[in-house]
Amino acid sequence: MAAPLISPAHDGADAAPEFPMSRDSRCPFDPPPGLKELQEQGPLKKVRLWDGSEPWLVTRYAEQRAVLGDHRVSADTDQPGYPTKATAEAGEGKLSFIMMDDPEHARLRRMVTAPFAIKKVEALRPAVQRIVDGLIDDMLAGPQPVDLVEAFALPIPSLVICELLGVPYDDHAMFQENTKTMVRTTATPEERGAATREIAGYLAAQIAKRLAEPQDDLLSSIAGRVTEGELTDAQATEMALLLLIAGHETTANMIALGTLALLQHPDQLKLLRETDDPKLVASAVEELLRYLHITHLGRRRAVTEDIEIAGQVIKAGEGVIMVNEIGNRDPEVFEDPDRLDITRDARRHVAFGFGVHQCLGQPLARMELQVVYSTLYKRIPTLKLACALNDVKFKHDAFIYGVHELPVSW
Amino acid sequence: MKVELEADKCVASGQCVLAAMEVFDQDDDGIAILLEEQVGDDQLDNVKEAIAVCPAAAIRLVEQ
Ligand code: HEM
Ligand code: SF4
């Protein structure tokens, strides 16, 4: 289509479009069509946010990676120009190192990198396989239809992260509920504050226990840093909170939304169901991460020193939003980008972000998803959606995209 | 070709290990280490992939 995308009939051709934009309800797996249009128009575009501020949207893969890899942008939500997501985010307590810049970010992140090394995560694979098999046994023994989110997608990452941190799984209902509130964009500041305080209080108590009596878990190693004087009590709690919530909703949404996407692409599901090749399974995980890009709404940063992006100088004090969901659909990088093709090499996707904040839990997320995608559809080959696609409720209103419920039968 | 790794830039993403297991590993803290500095032709593509996916620009190939 060669026609101009912005016509004078709009409220002035220069008015910045509003962000975030809505998806096309007929294409729940695709980013908002308006974003693709902006990407076609150029690498940079000013948009207007809920608070009237006008940060720059970085629309293409190459520039997105360049900016996320640049030390002149800051992840600190208190920096002038930082594009906040909703009223509740401004002025809230910091969520540990995900909202910090180097060198402090690096100092804190390195305290918890050890358990996420590839080989350590590999060693957990048999335990994750047992968890996945056990949940499938339970589903098969139970009534149909069943909500796959509640029965399968959420318990897996919960069990795994609880195990890693050393948090008793019996307490998972409390933080599952609270995490849901924390990632819901429509939550009021009061609701979000209360949810955060409840989990934080719980984690602080767990850390205090380990200060007295260390165990062999990640919370104990965080507690150890407090003993050494490297972290304050508050910093230790924030760090535990970050790990608990970052590893929770994300992976769960990839399990449920990924399953729905595969059910809607039966040829791809068949490939996955019939393969015994771990390479194809790993490739399917990368492609689903690319295609679904659940951390929608963009990676956001404040510019702290003038920086040139695609020939344009962005001034210190301005905000930038790297919309990685369309970076992952950039035709310069991914051929036929809107097609789900589990055989393509999608490893260069930016679903885990890029730069120093790139997802710390990615090896764990990958392994969990590999186990799930290589097990669920083999063990329940007739798995199907138990409602119309139209009736599935998508998480348009959450920081992390996915489905609220996924009724399935077999 | 020779691989160079700037370990103080590394953010322990593990991406290089996944891309080129014969060339990269991680220490006890998850920070990348080099298993071999000289890479033969058979490993060249994998190392290039590691460079492309490293989020911290910590890896380089140098001509000798
Ligand atoms: C499929 C699942 C997951 C996805 C799509 C995902 C995505 C992301 C993204 C996009 C970022 C970058 C944030 C930014 O640049 O502002 C991030 C950071 C992070 N993720 Fe994940 N994540 C997933 C699973 C996990 C898991 C299982 C953990 C484990 C606990 C985890 C822990 C973290 C942490 C700690 C950070 C902050 C890193 C930093 O700021 O240095 N994530 N994740
Ligand atoms: S890919 Fe880069 S950041 Fe990740 S482990 Fe290797 S060297 Fe470190």
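The values are calculated or read from the model by the stated rules, or taken from the named source; none is laboratory data. This structure is a prediction, so every number in the text was calculated from the model and none was measured. Neighbour counts are summed over all protein chains in view; Cβ atoms, including those assigned to glycine, are modelled from backbone coordinates with ideal geometry. With ligands, DNA and RNA removed, areas are computed over all heavy atoms of the protein, side chains included. Shrake-Rupley method; radii C 1.70, N 1.55, O 1.52, S 1.80 Å.
Of all residues in segment A:337-362, those that are open to solvent by 40 Å² or more (accessible area, probe 1.4 Å), more than 14 Å from ligand 2 (Cβ to nearest atom) and within 27 Å of A:Thr113 (Cβ to Cβ) total 1. For segment A:310-323, what are the residues that are crowded, with 18+ Cβ neighbours inside 10 Å and farther than 26 Å from A:Tyr401 by Cβ? The answer is A:Ile314, A:Glu318.
Hey, any hits in segment A:262-276 for a residue that's at pLDDT 95 or above, within 15 Å of ligand 1 (Cβ to nearest atom) and either assigned to a helix (DSSP H, G or I) or more than 14 Å from every other protein chain (Cβ to nearest Cβ) (or both)? No, segment A:262-276 has no match at all. When A:Arg348 is tested against the conditions (1) within 14 Å of another protein chain (Cβ to nearest Cβ); (2) assigned to a loop (DSSP other than H, G, I, E, B); (3) touching a residue at least 60 places away in the same chain (Cβ under 8 Å), the lone failure is (3). Taking the listed residues A:Gly258, A:Gly193, A:Gly247, A:Gly229, the one that is over 26 Å from A:Val371 (Cα atoms), in contact (Cβ under 8 Å) with a residue 24 or more places away in the chain and not aliphatic (A, V, I, L, M) is A:Gly193, with no other qualifying.
You will find that of A:Val392, A:Val408, the residue that is crowded, with 20+ Cβ neighbours inside 10 Å and over 30 Å from A:His71 (Cα atoms) is A:Val408 and no other. Is one or more of the residues making up segment B:8-20 at the interface with chain A (Cβ under 8 Å from one of its Cβ atoms) and open to solvent by 50 Å² or more (accessible area, probe 1.4 Å)? Yes, segment B:8-20 contains a residue that is at the interface with chain A (Cβ under 8 Å from one of its Cβ atoms) and open to solvent by 50 Å² or more (accessible area, probe 1.4 Å). Listed by position, the helices (runs of 4 or more DSSP H) contained in segment A:71-167 that have at least 1 residues being crowded, with 20+ Cβ neighbours inside 10 Å, within 16 Å of ligand 1 (Cβ to nearest atom) and more than 14 Å from every other protein chain (Cβ to nearest Cβ) are A:125-141, A:155-165. Taking segment B:1-25 as the range and being within 16 Å of ligand 1 (Cβ to nearest atom) and in contact with a strand residue (DSSP E or B) (Cβ under 6 Å, 6 or more places away or on another chain) as the test, only B:Cys10 passes. With respect to B:Val47, determine if the residue is facing another protein chain (nearest Cβ under 7 Å), within 13 Å of ligand 2 (Cβ to nearest atom), touching a residue at least 40 places away in the same chain (Cβ under 8 Å) and open to solvent by less than 70 Å² (accessible area, probe 1.4 Å). Considered against the rule, which asks whether it is facing another protein chain (nearest Cβ under 7 Å), within 13 Å of ligand 2 (Cβ to nearest atom), touching a residue at least 40 places away in the same chain (Cβ under 8 Å) and open to solvent by less than 70 Å² (accessible area, probe 1.4 Å), B:Val47 comes out as no. Residue under question is A:Leu44, and the condition is that it be over 24 Å from A:Asp397 (Cα atoms) and of a type outside the set (D, E, K, R); does it hold? Taking the combined requirement at face value, the residue satisfies it.
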